Every structure is written in C-alpha cells, then in structure tokens.
Amino acid sequence: QVQLVESGGGLVQPGGSLRLSCAASGSIFRFYTMGWYRQAPGKQRELVADITSVDSTKYTDSVKGRFTISRDNAKNTVYLQMNSLKPEDTAVYFCNIRIGSPGFWGQGTQVTVSS
C-alpha cells in the first residue's frame, strides 16, 4: 500500500502561480511513473502531466509551456509548478503512482483560479 498526500492548492488570480507537491510513503517511489490529474466539476478526470522513473515528461496540450512536472526521489515527492494560471485550470488536482492499474491516488487538492 502506498499513501500519497498532496498539498499546495489554493485560490489564485488569473496569471498567477502555484506549486503543488505530492509526498509518497515507502521506498519504491523512484521506480514508478508519477502523474498529476485534475477533475473539474461535471467533467471527467484528465491527465495533466506525468513523469517516468527516468524523468521523461508528458503534458496535456492545454498546459504545455505553463506547467512543469518534476520529482525529487530523495524526498519521495513529485511537484507540479503551475504558471500563467487560467480560470479553466480550476479543478481538484490528484497525484497518482502508476503501480498496476489504476495505481494509487492521493486525496486531491483544490485549485481555484478566479479574480
């Protein structure tokens, strides 16, 4: 069993920045792909970005150039730096460790972009 704890969400104005963190329990973090997903009200959960065990990254088109995913294996933590935030980025953000399917999920952190 792996536990994931997200933090860093909040209310931010359009154009602002936030950095999300996801801390994982255990010692196997470094071997697995980590992903950030989001779910807006009335919409399906979508993949925002992921990062493999060798730091290969992938982003959904709507966040390319604005968001950066990174990981620190020494701290068992994955980050999502979000810049130039837009109202349409408002959602609950979840992290996932891709151990099997569907992997393990955190509890989510709310991000609200509004003036």
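What to note about this one:
- Of everything listed in (1) in contact with a helix residue (DSSP H, G or I) (Cβ under 8 Å, 6 or more places away or on another chain); (2) more than 19 Å from residue 113 (Cβ to Cβ), the single unmet condition for residue 74 is (1).
- Just one of the listed residues (70, 25, 21, 17) is polar (S, T, N, Q) and modelled with pLDDT under 95, namely 25.
- A search for C-beta distances below 9 Å between a residue of the stretch 84-96 that is assigned to a helix (DSSP H, G or I) and any residue that is charged (D, E, K, R), counting only pairs 6+ apart in sequence or on different chains, returns 89/38; 89/66.
- Applying the criterion of being part of a loop (DSSP other than H, G, I, E, B) and polar (S, T, N, Q) to the residues of the stretch 41-76, the residue that is nearest to residue 4 (Cα to Cα) is 76.
- Of residues in the stretch 3-40 being in a loop (DSSP other than H, G, I, E, B), of a type outside the set (Ser, Thr, Tyr) and under 16 Å from the mean Cα position of the chain (by Cα), the one surrounded by the most Cβ atoms within 10 Å (Cβ to Cβ): 9
- Scanning the stretch 87-115 for residues that are surrounded by 14 or more Cβ atoms within 10 Å (Cβ to Cβ) and under 15 Å from residue 14 (Cβ atoms) turns up 89, 90, 91, 111, 112, 113.
- Cβ-Cβ under 7 Å pairs, at least 6 apart or on other chains, the stretch 10-21 side of a type outside the set (Asp, Glu), far side exposed (fewer than 12 other Cβ atoms within 10 Å of the Cβ): 11/114; 13/115; 14/87; 14/115
- Of the residues examined, residue 37 is not one that is modelled with pLDDT of 95 or more, in contact with a Gly (Cβ under 8 Å, 6 or more places away or on another chain) and among the aromatic types (Phe, Trp, Tyr).
- Leading residue by the ranking (most open to solvent (accessible area, probe 1.4 Å)) among those in the stretch 70-86 that are of a type in the set (A, V, I, L, M, F, W, C) and more than 11 Å from residue 111 (Cα to Cα): 74
The values are calculated or read from the model by the stated rules, or taken from the named source; none is laboratory data. Here the structure is a predicted model, which is why all the values come from computation and not from measurement. So basically every Cβ, Gly included, is an ideal-geometry build from the backbone, and we count neighbours across all protein chains shown. Side chains are part of the model used for accessible areas, which takes the heavy atoms of the whole protein and leaves out ligands, DNA and RNA. Shrake-Rupley method; radii C 1.70, N 1.55, O 1.52, S 1.80 Å.
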